[in-house]
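To start, the structure under review is shown below, and the notes come after it.
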Amino acid sequence: MMNYIQRIQVIGMVLLTALSVHSQDVHFSQYNAAPMLLNPALAGMNDCDYRIHANFRMQWPTVSSGNTYRTMAAGADMAIGKVTKYNSFAGLGLSFYSDQAGDLNYNTNRLDLSFAYHFMLNRKGTMQISAGIQGAFNMKTIDASKATFDSQYDPSSGTVDPNGTKEAFGRTKVIFGDVGFGLLYSAMVKNDANVYFGFSLNHLNQPKISFRPNGQTSSTDGNDRIFMKTTIHGGAAIPTGKRLTVMPNFLVLVQGNAYEFNVGCNFKTALGTPSTSKTALHVGVQYRGLLDAVIVNTKIEVKGFSCGLSYDINVSKLIPASATVGAPEISLMYQGCARKKPHPGHCPVMF
């Protein structure tokens, strides 16, 4: 069993890592399953008229008891004015996520409203460019009553005196708004293959998130802002036979001094009669760098409904903290039609 001093060392490693990336956003390993968190240009881009999704992720159970590192998200979006597969149309989406980190219950709650317009670039409806904007309401809170400080720690015994002197927080809640926008190009190419490439910028106003009282400053004020985040993502769906589709994909995130990239490939197999089947199985693997995690994932699709499961296998220097225990994640999505005779048009195979 990990003793108290070892526990302090492990938690310190995690905190140092978190501080080194400053205000990095939460993210999902199944990032394509949370479309409006990925890129607001994806609002309304679905297989028919509307889409509903939910995501749940848990990590670091060996560092903090009670599953205190967890993230939940949900959202819905719909196409507006999609009369035929040849015409341009709009999309509107609403999404929410809630993230809890650590024993102090450091919570981030965010509500996004996204609007996108999808411009058809040819008469066949097989090539389009999409532009989206996003506005968000955010709230961050912390439970100061659960904090411990150096003045309470006895190095000779390795214990914490709960009645020792505590420091005071200026405030325990921060509310702010921010904005972002995104672009996406997608096209059907030869032999029913499709490709897509997206770009988005979040936190354009770089809002302050300090828990110090308003007006109070320090030499580290620059690190109290959410840095602007740049997201670049893309992929393809390449049929290699009647049943199998190869789906390479990538993601690059840059936020302040922090950066991350994912690269991987999924394999989609149609179940049942290939020409008419609405059931498919996905299996795949991703690598998240630099030397962070290997992600294995699977997904089942049945008549517009999909359920995805993934697991992060930690390969970073934080293995002593994680005890090799990874992060499980689940995603649910439903894409449906509001009309009896829908005109789905082109939608990149990425969800």
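Taken together, the values in this text are just the output of simple stated rules run on the coordinates, not laboratory data. Note that the structure is a prediction, hence the values are computed from the model and not measured. Using ideal geometry, Cβ is built from the backbone for each residue, glycine included, and neighbour counts are taken over all protein chains shown.
Observations on the structure shown:
- Candidate aspartates and glutamates - alpha carbon under 17 Å from Lys229, same-chain residues fewer than 8 apart omitted: Asp25, Asp112, Asp178, Glu260
- Helix 4-20 axis versus longest C-alpha principal axis of the chain: approximately 50°, rounded to the nearest ten.
- Here the residues Val349, Val160, ranked from fewest to most Cβ neighbours within 10 Å of their Cβ, fall in the order Val160, Val349.
- Packing-based exposure ordering (other Cβ within 10 Å, fewest first) of Asp77, Asp25, Asp154: Asp154, Asp25, Asp77
- For the chain, a Gaussian network of Cα nodes joined below 10 Å ranks Pro207, Pro155, Pro320 by mean-square fluctuation, and the top entry is Pro155.
- Note on Phe305/Ile133: beta-carbon distance plugged into 1/(1 + (r/R0)^6) with R0 of 41 Å gives a FRET efficiency of 0.90.
- Förster-model FRET efficiency, 41 Å R0, Phe250 and Val160, C-beta, rounded to 0.05: 0.35
- Calculated [222 nm] ellipticity per residue, helices only, for the chain: -2000 deg cm²/dmol; basis is -39500 (n - 2.57) per DSSP H run with n ≥ 4, divided by all residues, nearest 500.
- The length gained on full extension between Leu332 and Asp150, counted as 0.36 nm times the residue separation minus their Cα-Cα distance, comes to 61.2 nm.
- For the chain, cysteines whose Cβ has no other cysteine Cβ within reach (under 4.7 Å): Cys265, Cys307, Cys347
- Cβ-Cβ FRET estimate between Tyr86 and Val26, R0 fixed at 25 Å, reported to 0.05: 0.05
- Two-site label geometry, Met58 and Leu291: point separation in nm, points 7 Å out along Cα→Cβ: 3.0
- Difference of contour (0.36 nm per residue) and Cα-Cα distance, Met72 to Arg123: 14.3 nm
- Normalised by 2.2 N^0.38 Å, with N the number of residues, the alpha-carbon radius of gyration of region 4-336 equals 1.10.
- Each of His118, His282 has some number of other Cβ atoms within 10 Å of its Cβ, and from fewest to most they run His282, His118.
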